[in-house]
1. Which residues, counting only those in region 149-166, are of a type in the set (S, T, N, Q) and either part of a loop (DSSP other than H, G, I, E, B) or modelled with pLDDT of 85 or more (or both)?
2. Taking the residues in region 38-59 that are small (Gly, Ala, Ser) and in a loop (DSSP other than H, G, I, E, B) as candidates, determine which candidate is surrounded by the fewest Cβ atoms within 10 Å (Cβ to Cβ).
3. Are any residues in region 121-143 of a type outside the set (Gly, Ala, Ser) and within 19 Å of MET28 (Cβ to Cβ), and if so, which ones?
4. Which pairs have Cβ atoms under 6 Å, sit 6 or more apart or on different chains, and link a residue in region 79-102 that is under 22 Å from ARG67 (Cα atoms) to one that is charged (D, E, K, R) and assigned to a strand (DSSP E or B)?
5. Consider ALA126 carefully, then state whether it is touching a Pro at 6+ places or on another chain (Cβ under 7 Å), of a type in the set (A, V, I, L, M) and under 28 Å from ARG158 (Cα atoms).
6. From the set of residues in region 144-160 that are free of Cβ contacts under 8 Å to residues at least 24 places away in the same chain and among the hydrophobic types (A, V, I, L, M, F, W, C), which is nearest to MET28 (Cα to Cα)?
Amino acid sequence: MLPIPQGGLAGKTASGYCSVVLSLYQAMKATAVAHPIQGLLKYHGFRDPARNVPAHDSISVCTAPSRTTTTVEFGHDRDSVTVDGEPIDEEGAGRAREVLDLVREQSGIDREGAVRAVESALREWAGAVDGEWTDAELDRAREIADRKYGSDAWNRERTDPLSGRS
């Protein structure tokens with residue numbers, strides 16, 4: 001059950017409220033850009049194993065301006081990873097799933113628990129009661145969330161493209 005604000009949002013930002021609630025039911029997404037390095041000489045073995053002193057130095061070269069852009073979408077029912085806009089192969093997807101499963105396990109909070117916690121905070125913040133959204137309210141909330149979270153301004157710079165609008 002979603003929390004519904006009693007008597008409107010009275011000075012609160014409806015687009016912010018609706019966007020937060022809807023985004024909880026979508027996957028989390030992050031993008032990173034990496035500039036890889038190439039190892040030319042790698043150390044093998046230790047001169048002093050007790051202090052982790054390598055037998056010799058390693059030499060690496062930064063290959064900038066080469067880069068990769070990796071996007072991970074972390075969801076409760078699916079995960080996806082793309083590199084430079086292309087899905088990774090099944091072997092890479094399996095390795096990514098292992099890491100994402102560890103993140104889920106180590107966080108100690110499952111998606112449903114996180115959703116319940118945020119719903120509770122939103123309910124308190126908005127003075128809300130349990131109820132049902134109308135189709136028109138849900139359509140409007142989806143439109144606002146899509147415009148905001150689908151924009152480069154928000155995803156790249158965290159600039160709210162809806163600021164000044166209700």
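The values are calculated or read from the model by the stated rules, or taken from the named source; none is laboratory data. Every value quoted in this text rests on a predicted model; they were computed, and no experiment measured them. No Cβ is skipped: glycine too gets one built from the backbone with ideal geometry, and neighbour counts run over all protein chains shown.
1. SER151, THR159, SER163, SER166
2. GLY45
3. Quick first cut of region 121-143, residues of a type outside the set (Gly, Ala, Ser) only: 122-125, 129-130, 132-135, 137-140, 142-143.
The answer is LEU122, ARG142.
4. Here the result reads SER80/GLU73, each pair linking region 79-102 to a residue that is charged (D, E, K, R) and assigned to a strand (DSSP E or B).
5. Against the criterion (touching a Pro at 6+ places or on another chain (Cβ under 7 Å), of a type in the set (A, V, I, L, M) and under 28 Å from ARG158 (Cα atoms)), ALA126 qualifies.
6. Selected residue: TRP154.
Residues are listed down the side, and each one gets a yes or a no for (1) touching a Lys or Arg at 6+ places or on another chain (Cβ under 8 Å); (2) at pLDDT 80 or above; (3) within 30 Å of ALA145 (Cα to Cα); (4) not basic (Lys, Arg):
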| residue | (1), (2), (3), (4) |
| --- | --- |
| GLY11 | no, no, yes, yes |
| ALA32 | no, yes, yes, yes |
| PRO65 | no, no, no, yes |
| GLU91 | no, yes, no, yes |
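One line per residue, one yes/no per condition, for (1) assigned to a loop (DSSP other than H, G, I, E, B); (2) loosely packed, with under 14 Cβ neighbours inside 10 Å; (3) among the aromatic types (Phe, Trp, Tyr):
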position: VAL61; (1), (2), (3): no, yes, no
position: GLU98; (1), (2), (3): no, yes, no
position: ARG104; (1), (2), (3): no, no, no
position: TRP133; (1), (2), (3): yes, no, yes
